[in-house]
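Step one of this worksheet: look at the structure below.
The values are calculated or read from the model by the stated rules, or taken from the named source; none is laboratory data. Just so it is clear, the model here is predicted, and its values are computed rather than measured. Cβ: placed from backbone, ideal geometry, glycine included. Neighbour counts: every protein chain shown. Ligands, DNA and RNA are excluded from the accessible area calculation, which covers all protein heavy atoms including side chains. Shrake-Rupley method; radii C 1.70, N 1.55, O 1.52, S 1.80 Å.
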Amino acid sequence: MSRHVKEIFAAAGAPRGNPAAAPPAPAALAAKVRTLAPSMTRSMQRVAEAVAADPAGCAALTVTGLAELTGTSEATVVRTARLLGYPGYRDLRLALAGLAAHQQSGRSPAVTADIAVDDPIADVVAKLAYDEQQTLADTAAGLDMAQLSAAVGALAAARRVDIYGVGASGLVAQDLAQKLLRIGLVAHAHSDPHLAVTNAVQLRAKDVAVAITHSGSTGDVIEPLRVAFEGGATTVAITGRPDGPVTQYADHILTTSTARESELRPAAMSSRTSQLLVVDCLFIGVAQRTYETAAPALSASYEALAHRHTPRSGGTTSRR
């Protein structure tokens, strides 16, 4: 999609990135609610929370009935449905019915308890494992395959790839850069905002810039992406907020999910899990498209590092 067409859709209020995308599948609805709820108005949150908590009950309600149930207006219900990716309330009701059927088929109930300061370590492990699993499932369900495929194609054909991220997202940026380097692409991760901008200035039409920000509003990540976008590079945003400021400068948007934040589990932990899943999807997709060059490059990198994983000759040294 051209940037001009994208701007027309954005001005009309359509979702950025892929305005022609089909509504989310029923199984992805709960993930969509968890992802978008923090950026909704309080009245829209009530509608979203209601449909996620009781899809079967809400599927049986008219738009007026759901508005009365949540103490909102019919307009709010319709706006919430559209924000969740459905053309209207009728489409949302169909998705709710499908989600209810999916849940009744035997899916395990969600574990919602936060980690407490006095939890036994076994409970901590169980809760973290469940949250990580749910975060990955939500991210996979919410990924737009058309956007993912387009991002993979851009990376596979790129002359150079710059990746921006700070904090926990900076670690994910480094992971993506290292993966791409090992299959022969020229890729650099930038966590220093000054270096990020000075490098972004050099990007052109055959280059790709990737911004990784869970909040979608990290200025140190948005600024270099904007510079790259305005210079003609293809831009990709990996974010947990598809309506965040970073998406204004993204040709392709890959949405991540996150588990609920708690006192002992900040958002950085769960967001990194979903970001790494997206990074792995990008890497495998690029490796598949460039297999003839990627396979030899990956093999060469393994051979170059092999001696570092082989015990040195001369025998072993016992501990004293």
Q: Taking amide H positions as placed in the peptide plane 1.01 Å from N, state which residues far from residue 235 in sequence (5 or more) or on other chains have amide H under 5 Å from it.
A: 209, 251, 252
Q.
Loop only by DSSP, 12 or fewer other Cβ within 10 Å of the Cβ. Give me the trypsin sites (Lys or Arg not before Pro) in the range 184-237 that pass, ordered by residue number.
A. 204
Q | Peptides ranked, highest mean first, by Cβ atoms within 10 Å: ranges 132-138, 303-309 | A | 132-138, 303-309
Q: Calculate, for the range 113-265, the solvent-accessible area per residue in square angstrom, rolling a 1.4 angstrom probe over the heavy atoms of the protein chains.
A: 42 Å²
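Applying 1/(1 + (r/R0)^6) with R0 = 25 Å to the Cβ-Cβ distance of residue 126 and residue 53, what FRET efficiency is obtained, to the nearest 0.05?
Numbers: r = 23 Å, r/R0 = 0.92.
Efficiency for this residue pair is about 0.65.
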(Q) Per 0.36 nm of contour for each residue apart, how much would the distance between residue 41 and residue 248 grow if the chain were fully extended, relative to their Cα-Cα spacing? (A) 72.5 nm
Q. When the Karplus curve 6.51 cos²θ - 1.76 cosθ + 1.60 is applied with θ = phi - 60°, which whole-Hz ³J(HN,Hα) does each residue of the range 275-287 get, with x for Gly and Pro?
A. 5, 5, 4, 4, 4, 5, 5, 4, 4, 4, x, 5, 4
Q.
Whole-Hz ³J(HN,Hα) for each residue in the range 86-99, computed from phi via Karplus 6.51 cos²θ - 1.76 cosθ + 1.60 with θ = phi - 60°, x for glycine and proline: what do you get?
A. 9, x, x, 5, 4, 5, 5, 4, 4, 5, 5, 4, x, 5
Q: Treat each spin label as a single point 7 Å out from the Cα along the C-beta direction, and report the residue 293 to residue 140 distance in nm.
A: 3.1 nm
